[in-house]
Amino acid sequence: MVRLHGSHSRAAGRVADAVRGARRVSSAGAASAGAVGAGRQYEKRIMSGMQPTGVAHLGNYLGALKMWADMSRTVESGRERFFFSVVDLHALTLPKEPGQLREWKRQAAACFVAAGVHTDRCVLFEQSRVAAHTELSWILSCLAPMGLLNRMTQWKSKSNLGEVASIAGQDAESVLRGVHLGLFSYPVLQAADILVYKGTHVPVGEDQVQHLELTRDLAQMFNRAYGDVFPLPKTVLTPTKRIMSLRDPTKKMSKSDPSANAAIYLTDSDDAIARKIRKAVTDTVAGVTYDPEGRPGVSSLVEIVAGIEGRPVEEVVRTHFAGCESHRDFKQKVSDIVVAELRPVRAEYERVMADRAYLDRLLEAGATEACATTAKVMAEVREAVGLS
Ligand code: AMP
Ligand code: TRP
């Protein structure tokens, strides 16, 4: 696993145009060469995706989007390629109203741009526009052991299977009636999303680590069965791996949280951000220390600042909060830092959402390029498998 760390985005957020400015990624994080799969060297291809489930929150931003932006703005060899996808097919695993899905897709794409992803260097596209994802997904699903998929924690939590299965007296058929195949095979499609570009690096939040292990397993199974086609993609994590809910710092920040104050969204006004942070659950101990076990609320706010500034938590505590006795002052400082970081992101989001034609053009060009890239990989796959 690769960790992005250190000073790459120290300057980010300080200047008004930081969103479009040159954020740096330490070379240790972005990794120097392409990944190796069974002895073969691959060009560096960075691939990641986000579900269109509304405007991104601070967890999406610090766990994924900001890292995408940083990586895409740091060209190492000039041969890196970046693919970032609005994974709309994945979103169908939990049914959505069609009009709502359409709107959420635009919002997700606008969040990519607003977060500072380099639009000239990156291929931004909608997953469903690139048919190769589903074709490779089928081929991989013919290799994917059900037992491995059954171990995925996301599948277990979203299917509620544990709960359903515990209802006494139900036979297997009625238990499974309410559980959909798409949710179960979700990680196979995710593996295909990555492998169909021969992805070598995948920047994601910590909750995706297990899915990426499965991706490597499937790549290896394919390579063993049909010859060496796929690299084994590396997981790229930020040091702030998980941003927690402001209402319950033991749970991750999530769009599905019932409390409106649990998450900060990229579109929240300065006042809304300040209010949510003021109401964030902390504790009654004076002063600021980083102690995720003993003081999860305070620590999670420190992590937010560390994520924004790209600095270690200890350094953040020392430089920003050393003399901070009251939680009121602490929260005020955190809020100032978050507001300054998100203000230009929000402005850019609004600009992009107001310009329909721009977003349409960007996604159209992205789909064309993604199709061209995947066509080459799929030709190799079909040949290897014997489909052509
Ligand atoms: P999703 O909205 O679930 O499609 O997530 C998109 C990206 O954001 C993935 O890389 C996730 O790992 C990341 N992510 C989601 N929630 C969080 C969180 N609370 N903290 C850090 N990263 C997150
Ligand atoms: N499963 C990821 C999530 O919920 C989204 C995703 C789909 C993804 N395909 C991907 C992430 C490919 C990285 C690469 O966040």
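So who's got an amide H within less than 5 Å of the one on Gly49, skipping anything under 5 residues away but keeping other chains? H placed 1.01 Å off N, in plane.
Ser85
Would you tally the net charge around Gln100, using a Cβ to Cβ cut-off of less than 14 Å, leaving Gln100 out, and scoring K and R as +1, D and E as -1?
The answer is +2.
Can you pull out the GluC sites (Glu not before Pro) in the range 230-314 that DSSP calls coil and that have at most 10 other Cβ atoms within 10 Å?
Glu293
Hand me the GluC sites (Glu not before Pro) from the range 324-388 located in a DSSP loop with no more than 12 other Cβ atoms within 10 Å, in residue order please.
Counting only loop positions with at most 12 other Cβ atoms within 10 Å, the GluC sites (Glu not before Pro) in the range 324-388 are Glu325.
Using the Cα centre of the range 270-351 as the reference point, and only Cβ charges (+1 on K/R, -1 on D/E), how large is the resulting charge dipole? Debye, rounded to the nearest 20.
Using only the charged Cβ atoms, the result is roughly 300 debye.
Give the accessible surface of the chain per residue, rounded to a whole number of Å², with probe radius 1.4 Å and ligands, DNA and RNA excluded.
Per residue, the chain has an accessible area of 43 Å².
Quick one: helix 181-195 against the long Cα principal axis of the chain, what's the angle to the nearest 10°, folded into 0 to 90?
Compared with the principal axis, the helix lies near 90 degrees.
Ignoring ligands, DNA and RNA, what percent of the 1.4 Å accessible area of the chain is carbon and sulfur?
Accessible surface attributable to carbon and sulfur in the chain totals 53 percent.
Using +1 at the Cβ of each Lys and Arg and -1 at the Cβ of each Asp and Glu in the range 270-351, identify which of Gly310, Val288, Ala347 lies farthest towards the dipole's positive end.
So the residue we want is Ala347.
In the chain, if the dipole is taken from +1 on Lys/Arg beta carbons and -1 on Asp/Glu beta carbons about the Cα centre, which of Met152, Thr238, Val175 is farthest to the positive end?
Thr238
Where the only charges are on Cβ atoms (+1 Lys, Arg; -1 Asp, Glu), what is the dipole of the chain about its Cα centre, to the nearest 20 debye?
440 debye
What is the antiparallel percent of DSSP beta bridges lying wholly in the chain, to the nearest 5?
Antiparallel bridges: around 20 percent, rounded to the nearest 5.
Mind giving me the nanometre distance, one decimal, between the label points for Ala354 and Ala379, set 7 Å out from Cα along Cα→Cβ?
About 4.5 nm separates the two model spin labels.
For Lys105, list the lysines whose Cα falls under 18 Å from its own Cα; do not include residues on the same chain fewer than 8 positions away.
Of all the lysines, those that pass the test against Lys105 - Cα under 18 Å, at least 8 places apart if same chain - are Lys96, Lys255.
Roughly speaking, what is the stretch gain from Arg278 to Trp138, that is 0.36 nm per residue apart minus the C-alpha to C-alpha distance, in nm to one decimal?
Result: 45.6 nm gained on full extension.
For the range 192-310, with only Lys/Arg (+1) and Asp/Glu (-1) charged at the beta-carbon, what is the dipole magnitude about the Cα centre, in debye rounded to 20?
120 debye
Near the amide H of Met244, under 5 Å away, which other amide H atoms are found, from residues 5 or more places off or on another chain, if H is placed in the peptide plane?
Met253
Once both labels are modelled 7 Å past Cα along the beta-carbon direction, what's the Lys156-Ala347 spacing in nm?
Inter-label distance under the simple model: 4.7 nm.
Just to confirm my numbers, what's the Cα centroid distance between the range 339-385 and the range 110-162 in Å?
The range 339-385 and the range 110-162 have Cα centres spaced 15 Å from each other.
The values are calculated or read from the model by the stated rules, or taken from the named source; none is laboratory data. Just so you know, these numbers come straight off a predicted model, no measurement behind them. Positions of Cβ are generated from backbone atoms using ideal geometry, with glycine treated the same way; all protein chains shown enter the neighbour counts. Surface areas here come from the heavy atoms of the whole protein model, side chains and all, with no ligands, DNA or RNA. Shrake-Rupley method; radii C 1.70, N 1.55, O 1.52, S 1.80 Å.
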